[in-house]
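The structure appears below as structure tokens.
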Amino acid sequence: MANQMVISVMSKDRPGIISDVTGVIYSLNGNLADLKQSVLSGYFTMILIAAFEEEITSDELAEKISSVKSVTGLEVVVKDFDGSVNPEPASDQNGIYVITAQGINQTGLVARIGKLCFEYGVNILDFDTVLSEGRYSMILYVDLSGTESVEDIYSAVDHFGEETGLNVVMQHSDIFKATSEIELV
Amino acid sequence: MKSKDILATIDMIQKEHLDVRTVTMGINIMDCRGKDVQETCSLVEGKIISVAGSFVETCNEVSKTYGIPVVNKRISITPIVHVGAGYNRRDFVELAKALDRAATAVGVDILGGFSAQVEKGITRTDSEYIASLPEAIACTDKVCASINIATTKKGINMDALKLVGQTVKDLAEATKENDGFGAAKFVVFCNQPGDNPFMAGAIHGLEEADTVLNVGVSGPGVIARALERLISSNDPGNLHIDDLAEEIKQTTFRVTRCGELIGRRVSEKLGIGFGVVDLSLAPTPTVGDSVGEIFQILGVDDVGAPGSTAILAMLNDAVKKGGVFASKNVGGLSGAFIPVMEDAVLAEAVEKEALCLEKLEAMTTVCSVGLDMIPIPGSVDADTISAIIADEMALGMVNQKTTAARLIPVPGKEAGDYVSFGGLFGASPIMPVRNAGKSQRFINWGGRIPAPIHSFRN
């Protein structure tokens, strides 16, 4: 049975980070199963899952990756991973909605909407913020399949909009697929 | 999905008037014939209420889920003359009242299909139906009427043409306290489609299934804003007309997809078949939701200036190309509407005398649906109205396309006077009709203009 690890790397962005990190994994005969990377305000972050045939502990792997010579320094966390790399989606797509909130930026917005989602059992699948032309936008992919009442969430989202003065809407994600993707939904 | 695509869709809905203009449920009422007119009325009313009872509620529910407004919920029925065969004009008025009651009971905005198809000949029933129109429309709120008097395959029925000119006058006269509003609920067609969701000309064609859902998309505001963005983000000289056509195509794709999604979901929830998406760009009198504005963005200072017909040809084609790819089945009218009263920029062009009836007629050769929502002086005689309609029918007949005429001779008002019906029906100055009173001998021939030859097309 392969030894699976989940690896998280953070660094000031520069060319070559992916090459450095995956080079270490390759040198250990590791097989890369999944990877996601993102850059935010000049900082690079990456999460990846790799499987190793050879015996290696999470601490040893973290040390090897951290020892990569890097002008920026790599912050590395490694954990043992015993899940499935490509699990079936937790919910059927009918429960996937998008909440968008737009308006003037103010402190605590993300914390407040995060709290709202938690209180109503709404699972946030993805969260993105965009600041453009002075307008702050939060875009949340949420899974409502575990919630008791979609109506209650509509009300809570409306209330959040009134409280914050933001323009907040919740729409089923299919409308965005319909307008942006070639495939019929 | 990218965040910028999500935000672009939100902007289209909130700032650019993206909506679904209409979801129209077509209902076959051929099985509603009773032993007398009272029983027929009751069967028709009962069937509509039973089939469409939860229609409006379902549309609202789906609209909320996807965050897209559905502006109108409508019903179309089998052309009424079929279920009313053998009835007299009083009976048809009773049927209109029953339809009005049913439309009110289920909460739809409007109901179409108080209609007949007489392109080749007129039956006694058809004559009684036509005679009933002024009263039937005047005494109801939600009933719309239409009549098909010409097709490419059968020619133009000139006897019917003579009758409809007078009917338009009578409809306006019967509703003169509302500036002849009754005439706005009656449309005369060539090549009328059986799956058009737009009013006043929606019918549930005889070729259709028992119940079907058709959707009309909107979107002139969305297209206007997309074009403005493209133009402002490019240096002058970098952009050509084909770039603008491409932008219209892509924007129409998004607009059509919204209609397709809403229509499909409402159909699924109601358990009825989904028919077509009608790709027409339908304006409303709201500022920023105008087809006329697109002409100005594309380069003519006023609609009606030379170049307007070419612009409309390009616009209409680009809308179809974008829409056809976005939808499984398209149908209905599918083109750009230029209804004068319903489009603030067109109405303004009339006021400036930039747009005249003749130019509108030329423009209708390259778009659907025809001379639409045009207020003319109440003094224009019935034969002249018939003759204007004849010209529009000839365009449709020869070019194998749907054309229509919805003229409103406003009682007691003359060219330049202002008329307003409010809401989606809009407002405009009254358009002058040149050469009125000169076509009487032509209209009085009666008979039929033979169908055009289908080869040697030039």
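Figures for the structure shown
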| read-out | value |
| --- | --- |
| Residues of the stretch B:86-145 classified as part of a helix (DSSP H, G or I) and either touching a residue at least 60 places away in the same chain (Cβ under 8 Å) or touching a Phe, Trp or Tyr at 6+ places or on another chain (Cβ under 7 Å) (or both), total | 12 |
| Selection count, the stretch B:114-162, where residues are under 20 Å from B:N28 (Cβ atoms) and of a type in the set (D, E) | 1 |
| Matching entry among A:F127, A:F176 (being within 11 Å of chain B (Cβ to nearest Cβ), over 30 Å from B:T256 (Cβ atoms) and of a type in the set (A, V, I, L, M, F, W, C)) | A:F127 |
| Criterion violated by B:T284 - all others in (1) within 25 Å of B:C59 (Cβ to Cβ); (2) in a helix (DSSP H, G or I); (3) β-branched (V, I, T) satisfied | (2) |
| Tally, over the stretch B:378-413, of residues that are closer than 12 Å to B:K169 by Cα and in a helix (DSSP H, G or I) | 5 |
| Number of positions in the stretch B:326-351 that are assigned to a loop (DSSP other than H, G, I, E, B) and either of a type in the set (S, T, N, Q) or within 19 Å of B:A404 (Cβ to Cβ) (or both) | 13 |
| Qualifying residue in the stretch B:32-43 (condition: out of contact with any helix residue (DSSP H, G or I) (no Cβ under 8 Å at 6 or more places or on another chain) and in contact (Cβ under 8 Å) with a residue 12 or more places away in the chain) | no |
| Test: residue in the stretch B:152-160 that is in contact (Cβ under 8 Å) with a residue 40 or more places away in the chain, touching a helix residue (DSSP H, G or I) at 6+ places or on another chain (Cβ under 6 Å) and closer than 25 Å to B:P411 by Cα | no |
| Test: residue in the stretch B:293-307 that is buried (at least 24 other Cβ atoms within 10 Å of the Cβ) and within 14 Å of chain A (Cβ to nearest Cβ) | no |
| Qualifying residue in the stretch A:80-94 (condition: in a helix (DSSP H, G or I), more than 14 Å from every other protein chain (Cβ to nearest Cβ) and either in contact (Cβ under 8 Å) with a residue 40 or more places away in the chain or surrounded by 13 or more Cβ atoms within 10 Å (Cβ to Cβ) (or both)) | no |
| Selection status of A:S180, touching a residue at least 24 places away in the same chain (Cβ under 8 Å) and in contact with a helix residue (DSSP H, G or I) (Cβ under 9 Å, 6 or more places away or on another chain) | no |
| The stretch A:8-27 - residue that is out of contact with any helix residue (DSSP H, G or I) (no Cβ under 7 Å at 6 or more places or on another chain) and of a type in the set (A, V, I, L, M) and, of those, farthest from A:D80 (Cα to Cα) | A:I17 |
| Whichever residue in the stretch B:116-167 is among the hydroxyl-bearing types (S, T, Y) and under 17 Å from B:G446 (Cβ atoms) and, among such residues, is surrounded by the fewest Cβ atoms within 10 Å (Cβ to Cβ) | B:T123 |
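Table: residues versus (1) touching a Leu at 6+ places or on another chain (Cβ under 9 Å); (2) of a type outside the set (D, E); (3) buried (at least 16 other Cβ atoms within 10 Å of the Cβ); (4) within 26 Å of A:D126 (Cα to Cα).
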residue	(1), (2), (3), (4)
A:N3	no, yes, yes, no
A:S11	yes, yes, yes, yes
A:L35	yes, yes, no, yes
A:S41	no, yes, no, yes
A:M46	yes, yes, yes, yes
A:V68	yes, yes, yes, no
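All of the numbers you see were taken from the coordinates with simple rules; none came from a lab. All values reported here derive from a predicted model rather than from experimental measurement. So basically every Cβ, Gly included, is an ideal-geometry build from the backbone, and we count neighbours across all protein chains shown.
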